[in-house]
1. Test of understanding: among L214, L254, which residue is at pLDDT 85 or above and in a helix (DSSP H, G or I)?
2. Scan K241, K303 and give me the residue that is more than 26 Å from D199 (Cα to Cα), of a type outside the set (F, W, Y), modelled with pLDDT of 90 or more and in a helix (DSSP H, G or I).
3. Can you say whether A144 is under 24 Å from K251 (Cβ atoms), touching a residue at least 12 places away in the same chain (Cβ under 8 Å), of a type in the set (A, V, I, L, M, F, W, C) and in the same structural domain as G293 (by TED's automatic domain parsing), as far as the supplied structure shows?
4. So for segment 170-178 (the condition being in contact with an Asp or Glu (Cβ under 6 Å, 6 or more places away or on another chain) and over 24 Å from I112 (Cβ atoms)), does at least one residue qualify?
5. Looking only at residues in segment 280-333 that are exposed (fewer than 12 other Cβ atoms within 10 Å of the Cβ) and under 17 Å from the mean Cα position of the chain (by Cα), which one is farthest from G118 (Cα to Cα)?
6. Which pairs have Cβ atoms under 6 Å, sit 6 or more apart or on different chains, and link a residue in segment 95-106 that is small (G, A, S) to one that is surrounded by fewer than 24 Cβ atoms within 10 Å (Cβ to Cβ) and part of a loop (DSSP other than H, G, I, E, B)?
Amino acid sequence: MLNEEQIRESLEAVLVPDVKRSIVGLNLVREIDISDGKVKVNLASAALSESTQDWLKTKTKEVLGKLPGIKGVEVSFVEAKPKELNEIAHVIAVMSGKGGVGKSLVASLSAISLKRQGYEVGILDADITGASIPKMFGIDYRPAGSDSGILPVLSTSGIEVMSINLLLPSEDDAVIWRGPLIGKAITQFWEEVLWGKLDYLIVDLPPGTADAPLTVMQTLPISGVVIVFTPQDLVEMIVKKAVNMAQKMGKRVLGVVENMSYLYVPEIDKRIEIFGRSRGEEMARAANAPLLGQLPIDPELAKLCDEGNIERYAGEIVTKLGESFAHALPAEVK
């Protein structure tokens with residue numbers, strides 16, 4: 001006899017056109033009723049245009065109509081807000097005490113690693129005035145949506161991405177906003193974007209401890225914070241500022257990541273510490289958290305980022321970052 005679980009499994013084949021995730025993955029399936037071989041399905045209309053709703057209705061009827069024993073399929077839509085539908089297991093904030101240390105890089109590589117392990121992952125680019133995530137992922141088209149919400153853009157490997165740069169007429173346009181507007185935009189990316197069901201949402205924070213990071217810490221249910229730094233003399237003070245903010249906001253520091261730690265020269269099989277000796281272990285002790293990884297200066301990685309092909313990077317550090325996150329905040333692989 002046909003049951004709800006079988007219906008949901010079949011509905012995994014119904015993909016929302018603009019984001020290429022299933023209506024189950026986006027948590028749009030609100031109710032399923034089975035009676036005498038007839039199936040009634042209620043879908044949420046959040047962030048869906050009328051044309052998309054019509055297409056999903058037709059596709060849902062087509063998919064379910066192929067199941068044995070089905071005598072009829074009825075599909076209707078109910079109103080709902082994205083924040084009512086979003087089910088995110090873990091929200092990880094990637095932050096730094098200063099700019100230019102590579103937090104966007106760490107956020108991106110972490111998301112890529114988790115996705116490769118089979119998790120459903122998204123990236124919320126909260127660096128409103130210095131957004132760089134879409135560039136690294138080669139995403140240059142606008143997200144779809146409706147008056148009721150916005151659909152994230154899907155990367156090549158299936159990572160959901162939302163960034164202010166995806167909404168600007170040109171990626172070169174400057175966002176000249178004061179703190180309250182920036183905070184409002186971050187809140188909207190959390191509440192009005194249909195993230196659906198995610199195991200991990202990586203939040204790329206702007207540098208420092210001012211308005212934008214404060215908004216994220218206060219508004220989003222942060223599961224943990226990752227702090228990024230580079231091997232420089234001032235680094236301990238900078239890391240401690242970020243750690244102090246996380247602690248005052250009651251957020252767990254998952255660990256620290258050292259970027260630009262060294263340059264490996266294969267011809268002589270040697271690591272050269274261009275920016276000085278590594279401070280990884282010292283900063284881990286200062287943060288009272290583990291050292292999650294040390295990223296090298298890798299010309300290949302820089303090239304892939306410039307080309308928008310960061311998802312092709314196969315460096316060893318990628319696997320390590322994702323494993324560290326998954327160990328600190330376990331989630332079930334679907």
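1. Only one candidate passes the filter, namely L214.
2. K303
3. The answer is no for A144.
4. Within segment 170-178, not a single residue is in contact with an Asp or Glu (Cβ under 6 Å, 6 or more places away or on another chain) and over 24 Å from I112 (Cβ atoms).
5. The residue in question is P330.
6. Once the first residue is small (G, A, S) and sits in segment 95-106, its partners that are surrounded by fewer than 24 Cβ atoms within 10 Å (Cβ to Cβ) and part of a loop (DSSP other than H, G, I, E, B) give S96/P207; G99/P207; G102/N259; S104/S132.
Residues checked against (1) among the hydrophobic types (A, V, I, L, M, F, W, C); (2) in contact (Cβ under 8 Å) with a residue 24 or more places away in the chain; (3) not assigned by TED's automatic domain parsing to the domain that holds E191:
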position: L11; (1), (2), (3): yes, yes, yes
position: V14; (1), (2), (3): yes, yes, yes
position: P17; (1), (2), (3): no, yes, yes
position: S22; (1), (2), (3): no, no, yes
position: L26; (1), (2), (3): yes, yes, yes
position: I32; (1), (2), (3): yes, yes, yes
position: V41; (1), (2), (3): yes, yes, yes
position: S45; (1), (2), (3): no, yes, yes
position: S49; (1), (2), (3): no, yes, yes
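The values are calculated or read from the model by the stated rules, or taken from the named source; none is laboratory data. Just so it is clear, the structure is predicted and the values come from calculations on it, not from any experiment. With ideal geometry, Cβ positions are generated from the backbone for all residues, glycine too; neighbour counts draw on all protein chains shown.
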